[in-house]
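The values are calculated or read from the model by the stated rules, or taken from the named source; none is laboratory data. For clarity, every value in this text was computed on a predicted model and none was experimentally measured. Methodologically, a virtual Cβ is constructed for each residue, glycine included, from the backbone with ideal geometry; neighbour enumeration extends over all protein chains shown.
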Amino acid sequence: MEIYHFMARSGLCQSRRQLSVEWFEMAPNYVCICMRANRPPSDSAMLTLIRRLIDRRRYILAAHVLRMLLWPHQPDRKLPWGS
């Protein structure tokens, strides 16, 4: 999961459990379930992460996560206005 590695490299989380609970405000096993299913976090989880980053004044990181949400590398469907 790209977001987990991104947050770990940034020094903001040390475990998948911490990312799930502290940043996504989800169940402790949420990130593990996403990784096992080979799917990204839900949009609501990503928006919660963005809000938490903004609350902690990590604006550049929040903008990067927002870009990941709006323009994923492999979108679920083809966007009508281009690739």
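Observations, loosely collected:
- Contact map, segment 34-46: residues that are under 13 Å from residue 23 (Cα atoms) and in contact (Cβ under 8 Å) with a residue 40 or more places away in the chain paired with residues that are of a type outside the set (S, T, N, Q) and surrounded by fewer than 19 Cβ atoms within 10 Å (Cβ to Cβ), Cβ distance under 6 Å, separation 6+ or inter-chain. Pairs shown: 46/69.
- Residue count for segment 44-75, restricted to those that are of a type in the set (Gly, Ala, Ser) and either closer than 15 Å to residue 4 by Cβ or not in a helix (DSSP H, G or I) (or both): 1
- Test: residue 67 is of a type in the set (Lys, Arg) and at pLDDT 95 or above: no
- Residue satisfying all of: in segment 3-21; under 12 Å from the mean Cα position of the chain (by Cα) and over 17 Å from residue 60 (Cα atoms); surrounded by the most Cβ atoms within 10 Å (Cβ to Cβ) among these: 19
- Entry remark, segment 1-14: residues being farther than 17 Å from residue 66 by Cα and among the β-branched types (Val, Ile, Thr) number 0 in total.
- Candidate set from segment 15-43 (those that are in a loop (DSSP other than H, G, I, E, B) and polar (S, T, N, Q)); member that is nearest to residue 70 (Cα to Cα): 42
- Failed condition for residue 43, given (1) within 19 Å of residue 72 (Cβ to Cβ); (2) charged (D, E, K, R); (3) surrounded by 13 or more Cβ atoms within 10 Å (Cβ to Cβ): (3)
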